[in-house]
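Visitor: Quick one: structure below, then a few questions.
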Amino acid sequence: MAEIIADIEVPDTRLVTEATELVRKSADPVVYHHSRRVYFWASMRGRNRGWDFDPELLYVGALFHDLGLTDAYARTDQRFEIDGADEARRFLLQHDVPEERARLVWEAIALHTTPEIPWHMAPEIALVTSGVEVDVLGIGYDEITGEEREAVVAAHPRPDFKNNILKEFTHGIAPRPGTTFGNVKADVLERFVPGFVRGNFVDTILQSPWAE
């Protein structure tokens with residue numbers, strides 16, 4: 001029987017069941033519950049826009065998007081986003097998902113920390129980012145009703161989430177600091193535009209509209 005939270009259905013398929021179990025076993029509960037919430041927020045934002053998207057692909061993208069932070073799947077020679085993207089693609093191909101569909105999920109995960117660009121791509125790619133934006137940064141928070149937020153958080157709690165997800169980011173990324181290099185345009189603006197202040201990811205998380 002399909003699971004439904006806040007009118008969003010989790011596909012009742014073998015692929016979804018096995019994706020859930022893989023992430024539940026591999027990830028810290030902070031990452032697991034975060035990833036599940038990402039699916040619900042993403043689905044709501046897609047529904048609100050009237051977008052047509054594949055819920056199975058969106059689910060795997062959401063569940064695997066932070067898999068590269070886990071000890072089981074983290075590498076030290078590439079960005080954590082690519083770790084999760086590679087594993088999602090492998091998982092989908094093993095479940096006979098066509099290469100071009102698996103590629104969508106790879107791109108969704110690989111780009112989920114890259115602002116703006118995913119919103120100009122396929123719905124599954126845009127929506128993984130959209131769910132992450134809500135849960136981590138509070139972007140799109142007001143697109144979701146209080147009742148919907150309460151239902152999802154009741155199923156997947158976020159105790160002290162802001163600080164706990166920052167610990168997970170640090171744990172997964174500290175061994176490979178060279179992979180955190182971001183948008184070089186910020187360096188240019190910082191050097192040549194008077195008064196420019198570089199945005200800080202930690203401040204954005206801690207100042208988001210979430211209570212914790």
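Visitor: Filter region 51-94 down to residues that are among the small types (Gly, Ala, Ser) and open to solvent by less than 10 Å² (accessible area, probe 1.4 Å) and give me whichever is farthest from residue 126 (Cα to Cα).
Guide: 68
Visitor: Could you pull out the residue among 127, 93 that is of a type outside the set (Val, Ile, Thr) and over 27 Å from residue 180 (Cβ atoms)? Let's see the steps before the verdict.
Guide: Details: 127 fails: over 27 Å from residue 180 (Cβ atoms).
Sole residue among the options that is of a type outside the set (Val, Ile, Thr) and over 27 Å from residue 180 (Cβ atoms): 93.
Visitor: Scan the helices (runs of 4 or more DSSP H) fully inside region 113-212 and keep the ones with 2 or more residues being out of contact with any strand residue (DSSP E or B) (no Cβ under 7 Å at 6 or more places or on another chain), in contact (Cβ under 8 Å) with a residue 24 or more places away in the chain and within 22 Å of residue 36 (Cα to Cα).
Guide: On the way: elements: 123-132, 146-155, 161-173, 185-192, 201-206.
Correct list: 123-132, 146-155, 161-173, 201-206.
Results for (1) surrounded by 16 or more Cβ atoms within 10 Å (Cβ to Cβ); (2) polar (S, T, N, Q), shown as yes or no for each residue.
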{"site": "136", "(1), (2)": "yes, no"}
{"site": "140", "(1), (2)": "yes, no"}
{"site": "149", "(1), (2)": "yes, no"}
{"site": "157", "(1), (2)": "no, no"}
{"site": "161", "(1), (2)": "yes, no"}
{"site": "172", "(1), (2)": "yes, no"}
{"site": "180", "(1), (2)": "no, yes"}
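Visitor: Here is a follow-up. Does residue 70 satisfy being over 20 Å from residue 129 (Cα atoms) and either modelled with pLDDT of 95 or more or hydroxyl-bearing (Ser, Thr, Tyr) (or both)?
Guide: No: the conditions fail for residue 70.
Visitor: Could you tell me whether any residue of region 31-39 is open to solvent by less than 50 Å² (accessible area, probe 1.4 Å), farther than 20 Å from residue 145 by Cβ and touching a Phe, Trp or Tyr at 6+ places or on another chain (Cβ under 6 Å)?
Guide: No, that holds for no residue.
The values are calculated or read from the model by the stated rules, or taken from the named source; none is laboratory data. Computed from a prediction, not measured in an experiment: that's the story for all the values here. So basically every Cβ, Gly included, is an ideal-geometry build from the backbone, and we count neighbours across all protein chains shown. When the accessible area is computed, the model is the full protein with side chains, heavy atoms only, and any ligands, DNA or RNA have been set aside. Shrake-Rupley method; radii C 1.70, N 1.55, O 1.52, S 1.80 Å.
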